[in-house]
Amino acid sequence: MRKYLLLNLFISYSFVALSQGKLVLVGGGAEEIGGWSDIPYRRIVEQCTNKRVAVISYTDETDFIPNYFKSLGAVAAVNIKIDSKSLADLQSTYDSLIAFDAFFFKGGDQSYYYNYFRGTKTQNAIVDKFNNGGVISGTSAGMSILSGVIFTAIHDSVYPDDMLNNFKNNSVTLANDFLQIFPGYLFDTHFTERGRGARLMGFMTNWFLKNSELLTGIGVDDRTAFCIDSLRIGSVFGTGTVSIYNGVSYSAYLDSKPVADSIHVIQLLHGNSINLNTQNITQGPSHPLVPSHLGENGNYQLLLSGGDGVSGNSLFLDAFIALGNPADTIIVLTSVGKGRAYTDQLNAKGAKFILIETSPSFNADSKLNLRNSIRRSHKILFAENDDEALFNFLRQGPTGLLLASHIKRNNIISGFIGEDSRYAGKKMVTNHLSNLYNAYYGRLHYQDGLGLLRTSIIMSNTYDANSSDFYENTTAAIPYSMIKDSLEYGIYLERNSYLKFSQQSGSNYFTASGSLSTIVVTNHGTLADFASQPVNNSGDVRNYVGFTKMKYTLLNGPTSMKVGIPHPTDDVPYEFENVTEVFSVANDIATPFPNPSKTGVFCLPKNKSEQIVGYSVSDITGRIIQKVEKNQMSDSLIVDLSEFSNGAYILTWFTTARRFTTLLIKG
């Protein structure tokens, strides 16, 4: 019994001792005198008894950081260079370090810290200082070494797309044999700007499947700090966010692609705080946000590829052709002069197709045959489109308007390639490729998408293979729009991969296939706020958000994610346009006027030589809504659509010699 009591006392004492120290985790980025870094760096000074700070590195450093600490109240602050394992293991090194109450580790390469300090007296000094109430802090690589499990980077760095492709790759070197001052955690830095959410989830998958241990992941953005006191209350300061990841289980598809049903994520902003012992937010985002629509209710299929280029979309094209009836003719919609590489592939794969370019000529009234082909089609493929040209085409002219409504009919199959996949959502970001720093300066722009996924936003090429290790626009854009536009789902698509939206057993599902796993973010209701701390003197604020509850899902292979219930639409059977003896409005005959008409009343043109003997009006689907025969014609020649809703209508009128069609716009 006495041994049992002694053991419990030892465990209790160990927990108290380990909870004595403080951590200040800085995600990277340059310190700024009088700016974002003053509060957390001053906290380092204020929390140490003797106001003495050791700035530790393995290279020669300038005196900027020591002088900065002195300006914030440090009595002493010096650079200490430890560039070998032998130097790290000297008793004199231990004695020099232990005279300070705060350690600050500079950025660089964490493999040097790991290789030089592990198993030495320097490691002992860090642990002893923490256990005796000292402050342990670091920035970038100097922060990454402070968690219980660390990415050692002893072979090479690892990028987010590497982890989505193979979380077991040889560069993933995780270890728990270093400091152990914060066990059960894994820290990562430069979090949003380098898209490291995917990397962190891959690390957590790797560790769980190898060690059967669930880790809590903490990602800190650049120019942001997470200050954890002796009671493990963590507070956020700076221009970005701190993200906290907790998963309940992880698995693998094809032994290397990460799969996880439910990773719970909290994202905190400047001034927010959390109790890490309980995961309760003590001060956080405060505005309730429930999505304006719950569930995806489309009764059609979508295939969304994550990357551009024919070689990376061969499997996508195979899957698209195989959906429904492989013999169906595919309508390919593309920019002028584009899409030929994809139609060549369709041809090589034995698929039939009709190419439509987003030019006025394809939107002409005379394209009756083309519109009838659209009405017969069950598959539409969007490839290599320009944002502005596409949406202008779909909003102006009978062909575009027909396509815009056709893709929302029951059982239609629509495919989107690469950047075109953004169009399928409720909202879409438009300028993520124009400037690397648009999210940083709060300049991301959004517009309405096609709304096929009515409560989703989609990002293509999230981790562009041609990009550097910098993905701030693509990773920040999704949660920002989910909060701003009250959306339920955010989808991160990757190259050589695709997401499928389809119906099964009365429900709608997402499934994913390809080389890289797809990330789906879910908002079923959260408290949320927008970032508020300016990044410059102009007052620009990052396109970042905080939230108390989101769920991240890693999809690949047979795993499916239920996202709603399909609601079949009341599709009126198409009335096909008669293509015999049809003329578009020619130069020798006037057109109906006024057009557009706010009232919906139009005057038919008069022609002395050709008397009008009748007309019909149909909606954009081809359904005839008004018809006047010869014996019903009046001298006024008026077409009255005032009782119908605003929109586009197709007018066909007959003279004694010819037949004409044109588009009427009411509103």
Less than 11 Å Cβ to Cβ from Lys70, Lys/Arg counted +1 and Asp/Glu -1: what total charge do the surrounding residues give? +1
Per-pair calculated FRET efficiency, R0 = 25 Å: Ala322 and Ser256 via Cβ, rounded to 0.05: 0.50
For Gln396 and Ala341, calculate 0.36 nm times their separation in residues minus their Cα-Cα distance, and state this gained length in nm to one decimal. 17.1 nm
Can you compute the FRET efficiency between Leu231 and His567 using 1/(1 + (r/R0)^6), with r the Cβ-Cβ distance and R0 = 60 Å? Round to the nearest 0.05. 0.75
Among [x] 35.9; [y] 47.6; [z] 38.5, which one is mean projected area of the Cα convex hull in nm² computed from these coordinates? [x]
What whole-number value in Å² describes the accessible area per residue of the chain for a 1.4 Å probe? 40
Between the stretch 428-499 and the stretch 384-407, how many Å separate their Cα centres? 22
Compute the distance in nm between two label points, each set 7 Å from the Cα along the Cα-to-Cβ direction, one at Ser467 and one at Asp83. 3.6
DSSP-loop trypsin sites (Lys or Arg not before Pro) across the stretch 309-350, with at most 14 other Cβ within 10 angstrom: Lys349
So Gln279 and Leu315, fully extended at 0.36 nm per residue minus their Cα-Cα distance, gain in nm 8.7 nm
Let me make sure I get this right: for the stretch 362-432, a, b and c are the square roots of the gyration tensor eigenvalues over alpha carbons, sorted descending. Under 1.5 in a/c it's rounded, otherwise prolate if a/b > b/c, else oblate. Which is it? oblate
Per DSSP helix of 4 or more residues, -39500 (n - 2.57); summed, then divided by the residues of the chain. What does that give at 222 nm, rounded to the nearest 500? -6500 deg cm²/dmol
Check: C-alpha center the stretch 129-175 vs C-alpha center the stretch 247-326, spacing in Å is 24
So Asn411 and Asp448, fully extended at 0.36 nm per residue minus their Cα-Cα distance, gain in nm 11.0 nm
For Lys129, list the lysines whose Cα falls under 19 Å from its own Cα; do not include residues on the same chain fewer than 8 positions away. Lys22, Lys51, Lys81, Lys106, Lys121
With +1 assigned to the C-beta of every Lys and Arg and -1 to the C-beta of every Asp and Glu, and no other charges, what is the dipole magnitude of the stretch 186-268 about the Cα centre in debye, to the nearest 20? 100
What range in the chain is the longest one free of GluC sites (Glu not before Pro) that are in a loop by DSSP and have at most 10 other Cβ atoms within 10 angstrom? 1-580
Lys121: accessible area at probe 1.4 Å, nearest 10 Å²? 60
Antiparallel DSSP beta bridges within the chain, percent to nearest 5: 65
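The values are calculated or read from the model by the stated rules, or taken from the named source; none is laboratory data. Bear in mind the structure is a predicted one, so any value in this text is a computation, not a measurement. FYI the Cβ positions are ideal-geometry reconstructions off the backbone, even for glycines, and counts take in every protein chain you see. Quick note on the areas: whole protein, heavy atoms, side chains included, nothing else; ligands and nucleic acids left out. Shrake-Rupley method; radii C 1.70, N 1.55, O 1.52, S 1.80 Å.
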